[in-house]
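The values are calculated or read from the model by the stated rules, or taken from the named source; none is laboratory data. Predicted model only: the values in this text are computed from it and were never measured. Virtual Cβ from ideal backbone geometry, glycine too; neighbours counted across all protein chains shown. Quick note on the areas: whole protein, heavy atoms, side chains included, nothing else; ligands and nucleic acids left out. Shrake-Rupley method; radii C 1.70, N 1.55, O 1.52, S 1.80 Å.
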Amino acid sequence: DNGSWVQMNAGVNTQQGTPQTGSFSVGVTMANRLRTTYGKLAYIVPSAVGGTYIANDVTPSWNVTHVGEYYDKMVDWYLKPCLGRLEGAINNVTPVLVWIHGESDADTVAHGAAYEANLTALINAFRTDSGYTNMKVIITRLRSDYGGTNLGLSGVRAAQVSIAAAMTGVYIYDTDTALTPLTSDLQHYNPITGSYGGVQSATNLGQGLA
């Protein structure tokens with residue numbers, strides 16, 4: 001916030017852009033579990049845009065070949081400024097990228113098939129651009145009951161597992177459990193109006209990631 005780290009508060013500063021008074025971030029419960037259970041102080045840098053792709057043939061996209069789009073903005077607006085304020089001021093920082101994504105790409109066969117190459121490129125670029133070449137990465141696997149078109153769902157799910165198996169320091173978090181159900185729209189972990197299940201799922205997912 002204007003060059004300073006501030007305490008994270010659910011529904012106030014948990015998402016990028018205009019404060020979301022009704023939001024509930026997975027990051028809040030993850031940070032709380034890290035502090036209360038493991039004694040670790042977490043610095044959360046959220047960068048999220050709903051309904052987005054990592055595909056190369058969609059604009060805008062998280063694809064690293066797309067100049068000036070989501071990946072470049074994440075690095076220039078969030079990563080570099082935040083790392084600059086961490087380095088030299090806070091000791092023993094362990095940077096971790098938590099990747100919760102894949103719903104939009106799961107809607108078409110072609111995008112699902114290209115997901116592995118596209119996400120692998122993003123992880124490699126992010127490690128290089130951050131200066132942390134051994135940065136740990138946690139991929140939350142897309143649930144098998146995701147409620148979109150689903151034509152590319154199997155491709156995205158297989159890609160996520162394959163990347164974790166092939167890349168050093170990349171881990172898979174399987175969300176296909178009773179603890180992390182999707183909310184009633186079958187597309188989100190975050191709650192929607194009147195959905196207690198979404199709140200509990202976001203809480204459990206954050207705690208599990210910790």
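Some points to look at:
- Candidate set from the stretch 29-50 (those that are outside any helix (DSSP H, G or I) and under 13 Å from the mean Cα position of the chain (by Cα)); member that is farthest from A117 (Cα to Cα): I44
- Test: residue in the stretch 44-63 that is under 27 Å from A165 (Cβ atoms), crowded, with 20+ Cβ neighbours inside 10 Å and out of contact with any His (no Cβ under 9 Å at 6 or more places or on another chain): yes
- For the stretch 122-143, the tally of residues that are over 19 Å from G51 (Cβ atoms), assigned to a helix (DSSP H, G or I) and hydrophobic (A, V, I, L, M, F, W, C) stands at 3.
- Filter pass, T183 being modelled with pLDDT under 95, over 23 Å from M30 (Cβ atoms) and not basic (K, R): no
- Considering only residues in the stretch 122-153 that are open to solvent by 20 Å² or more (accessible area, probe 1.4 Å), touching a residue at least 12 places away in the same chain (Cβ under 8 Å) and of a type in the set (S, T, Y), the one that is nearest to Y171 (Cα to Cα) turns out to be Y132.
- Residue in the stretch 100-121 that is of a type in the set (D, E, K, R), assigned to a loop (DSSP other than H, G, I, E, B) and without any contact (Cβ under 8 Å) to a residue 24 or more places away in the chain present: no
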